[in-house]
Amino acid sequence: MNRTLRTQNLYHPALLITLLWATSAVAGDFMDTRISFVISDANFFAGPGESQVNNPGIGIGAGKQNTLFFDNYDTRFTGFESLSHLVLYKKLPSFFDNLTTEAALAIRFYIFGDTDVNKMIYDTGSYIRLTYDFSGGAAENDNLQVTLFPVSGDRFRLGYSYRISWGGSGIFPNYDPRVNVPAVKFQINKPWGYAFLGAKTTQINEYLKDTNQTEMVTNYGLLAGLGVDIAGFRAEVNGGFFTRGTFAHQGVRGENMYGGGVSYQLGYHQGMSIGTSIDFALYRNDPDIDVKFFKPETYGEGLSFMVKHEGTFLFQTLIHPEKYGTTVNQLAYAFDVNAAMKLGYLRLHLDAMFRSLSYVLYETPSFTPFYDFPAGAKTKPEFFAALGVDYHFPSLHLTPGFTFGAQNPATYTIDNVVIGQAPYLGKRTVVVWDVATRSVLPVNEGAALIWSFKLNARWDISEMLAVVAEVFYTFDNNRVRYRSDFDGMNITTNWDDPNILGMNLVAQARF
């Protein structure tokens, strides 16, 4: 039986069981539902096969190619998905004074098509939680919470903005996605701050010392943090240490891999909160609490604002590229600044982010997986800044706006680079967009600054339904394709048109 059939046989019973649960659930058990109908064209200037990032043409549907680098800064989603969450939630008082028990089975349903059931069901942070109230109900946020994640602890992460967060399930580079990464978290909450301590585990197939024997071995992560928020000032710090399996490479086979680091955040807010990503939050289908995942923006007459700064410093154990049989700790770092302001119905927001190449590739890990950068390589970090403005017309329920940004992509420059199985001779610069997307520039060419501009208008038809129109333009002179003749002997360089003009027209229901 092949792997595909084995996977299907695993998923089909899970789907059946989930649907049986769903039949006994009421409509309110489904929450954070997004149904998106999108008409889009990622690039009016390029047809299918005419650009490095393929544009299939105008049609119904959209993906990551329809977003810009500054979009969706604090979430894992593109905004075009159709998905829902089944949350079977229960909350009861304990037999003991001041203790409350609660639990939630949280399952995410991705809607990819009308036939594929193998990619549609995911645990999205099912948990058991005990809360001991220190005040006996006299004060809010004065408690001790113990949260158990029996399946996936990915929502229990380190860092603060989702784009540069870390410590999720991907922190274990060799882990099997079919193996759980459960977690436990102890947190003390006070009206003025919090402190937490937690742990994660997973099983990784490892080489045992310098042998050819492999076995499943438990690996661990320890996480801790604290924060205070007093009179509008916020200061937070968290960090973690992780065992990440062993190396499988000759010379260091069986040696342990480690990773870890520390993050901090400083901020000030007045009239608006310094929130956290919805992708960090736990789902609570509590009838006593009016939970709205997609709250409409509220506007007041005065000035409200928030500004925050975050920084992260990481390390990981990698193979030394020049010294056979030795390892080295590679450093990685990231910083950002986020600001938002509202004055009446006018809203401004600023996002600026800086990531070293080692940070972009931290979960791969590194440019050549599991190897540090060689001495002859030159790396440059990623940096971007984006400023957005919008204005709300309450009588029309209409919010037009625009966002403008510039990005300097992360790069890796070296003589004679190999990408996959393809060698590129000469001094080459590789533009690294993310862990999976790279662009090799011609000999002695460097990366160029990227400029992007987006016009958008949101029309709220009801509390659950909105129509969003977007037109975006990007100037990106870093996209190159290489073509060979029929015999594969002569290779020609083809630069993509740097001008990219696209659009998205989205009707989205959220409830």
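Of everything listed in (1) loosely packed, with under 13 Cβ neighbours inside 10 Å; (2) within 26 Å of the chain's Cα centre (by Cα); (3) under 30 Å from Q270 (Cβ atoms), the single unmet condition for P177 is (3). Of everything in segment 297-322 that is of a type in the set (D, E) and surrounded by fewer than 16 Cβ atoms within 10 Å (Cβ to Cβ), the residue that is farthest from E382 (Cα to Cα) is E301. Residues that are surrounded by 17 or more Cβ atoms within 10 Å (Cβ to Cβ), farther than 16 Å from Q187 by Cβ and basic (K, R) occur in segment 81-97; there is at least one. Close contacts from segment 199-225, counting a first residue that is under 16 Å from A183 (Cβ atoms) and a second that is of a type in the set (K, R) and at pLDDT 95 or above, with Cβ to Cβ under 6 Å and a gap of 6+ residues or different chains, come to G221/K200. Selection of strands (runs of 3 or more DSSP E) fully inside segment 323-413 by the criterion of at least 2 residues being surrounded by fewer than 17 Cβ atoms within 10 Å (Cβ to Cβ), β-branched (V, I, T) and at positive phi returns nothing. Residues in segment 240-270 that are touching a residue at least 24 places away in the same chain (Cβ under 8 Å), farther than 24 Å from G159 by Cα, of a type outside the set (D, E, K, R) and surrounded by fewer than 18 Cβ atoms within 10 Å (Cβ to Cβ): A248, H249, G251, G254, N256.
Only residues that are closer than 21 Å to G61 by Cβ and surrounded by fewer than 16 Cβ atoms within 10 Å (Cβ to Cβ) were counted across segment 460-470, and they come to 3. Scanning for something touching a Lys or Arg at 6+ places or on another chain (Cβ under 7 Å), of a type outside the set (S, T, Y), surrounded by fewer than 19 Cβ atoms within 10 Å (Cβ to Cβ) and at pLDDT below 95, does segment 415-430 turn up at least one residue? Scanning segment 415-430 turns up at least one residue that is touching a Lys or Arg at 6+ places or on another chain (Cβ under 7 Å), of a type outside the set (S, T, Y), surrounded by fewer than 19 Cβ atoms within 10 Å (Cβ to Cβ) and at pLDDT below 95. Applying the condition of being surrounded by 14 or more Cβ atoms within 10 Å (Cβ to Cβ) and not hydrophobic (A, V, I, L, M, F, W, C) to segment 285-295 and asking which residue is modelled with the highest pLDDT yields N285. Considering L208, L223, L282, the condition of being exposed (fewer than 14 other Cβ atoms within 10 Å of the Cβ) and either out of contact with any Pro (no Cβ under 8 Å at 6 or more places or on another chain) or modelled with pLDDT of 90 or more (or both) is satisfied by L208 alone. Taking the condition free of Cβ contacts under 8 Å to residues at least 12 places away in the same chain and of a type outside the set (S, T, N, Q), does A235 pass? No; evaluated as a whole, the condition is false for this residue. When segment 63-113 is filtered for residues that are acidic (D, E) and within 16 Å of the chain's Cα centre (by Cα), the ones remaining, listed by number, are D71, D74, E81.
Against the list (1) modelled with pLDDT of 90 or more; (2) of a type in the set (D, E, K, R); (3) part of a loop (DSSP other than H, G, I, E, B), the condition K454 fails is (3). Every condition in (1) out of contact with any helix residue (DSSP H, G or I) (no Cβ under 6 Å at 6 or more places or on another chain); (2) under 22 Å from V435 (Cα atoms); (3) at pLDDT 90 or above holds for D154 except the one numbered (1). Of all residues assigned to segment 435-449, at least one qualifies as being buried (at least 16 other Cβ atoms within 10 Å of the Cβ) and within 26 Å of N338 (Cβ to Cβ). Tell me, please, whether a residue that is of a type in the set (A, V, I, L, M, F, W, C) and under 25 Å from the mean Cα position of the chain (by Cα) can be found in segment 390-401. No; the residues of segment 390-401 include none that is of a type in the set (A, V, I, L, M, F, W, C) and under 25 Å from the mean Cα position of the chain (by Cα).
The values are calculated or read from the model by the stated rules, or taken from the named source; none is laboratory data. This is a predicted model, so every value here is computed, not measured. Note that we place each Cβ from the backbone using ideal geometry, even for glycine, and neighbour counts take in every protein chain shown.
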